[in-house]
Each structure stands twice: as C-alpha cells, then as structure tokens.
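**Q** Take a look at the following structure, please.
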Amino acid sequence: MSNKTTFIKIDRNIENWRWYQNANTFRVFIHCLLSANIKPHEWEGITIKRGEFPTSYDKIVEYNSLNRQNPTMPYIIFDT
C-alpha cells in the first residue's frame, strides 16, 4: 500500500488577512486546513463530509499546545 501525498493551496494574499499576525489563530487555521477530510468518512455513526473534521475546543487547544486561559487564544466558530 502506498502513501498518497495530498496538498493544500494557500493564496499569498493570506498575509493581508487580519488574523495572519496572531500566531495562535494562524496555527489553528492551518491545523483545521490540514485536518479537514479529503473525502467523506464515517465517525461514530455520523458521515463527516469532505472539508469537515470532528474535533472539540479542548482537542484543538491540546493538539496545538495552546493555553485555554491565554487572552490571545482564538475564538472558533463551529457550524453545527
């Protein structure tokens, strides 16, 4: 079985994004891009679509070594 490499594309204009200078927000943003499914996937009986991934605020904080009490911690909006 071979490992298929996949890529994400990021426009250079991301440097003009208002959150680009906030390291924590940018880290979480990139984490979300890299974690998103590239094809539908079943998780605990729920179909997670392409571009989505199951997570929680606590998992994102832990995975990215962030401090939940940090005032620069990004606010994340989840579409439910």
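Taken together, the values in this text are just the output of simple stated rules run on the coordinates, not laboratory data. Everything numeric here is computed off the predicted structure, so don't read it as measured data. Every residue, glycine among them, receives a Cβ derived from its backbone with ideal geometry; neighbour counts consider all protein chains shown.
**Q** What lysines does residue 39 reach when the alpha-carbon gap must be under 20 Å and sequence neighbours fewer than 8 apart in one chain are set aside?
**A** Correct list for residue 39: 4, 9, 49.
**Q** Can you work out the PRE-style zone for residue 39? Point 7 Å along Cα to Cβ, and I want the residues of the stretch 1-33 with backbone N under 12 Å.
**A** What the label zone holds, given the 12 Å backbone N cut-off, is 4.
**Q** At what distance in nm do the modelled label points of residue 53 and residue 22 sit from each other, each positioned 7 Å from its Cα along Cα→Cβ?
**A** In this crude spin-label approximation the distance works out to 2.0 nm.
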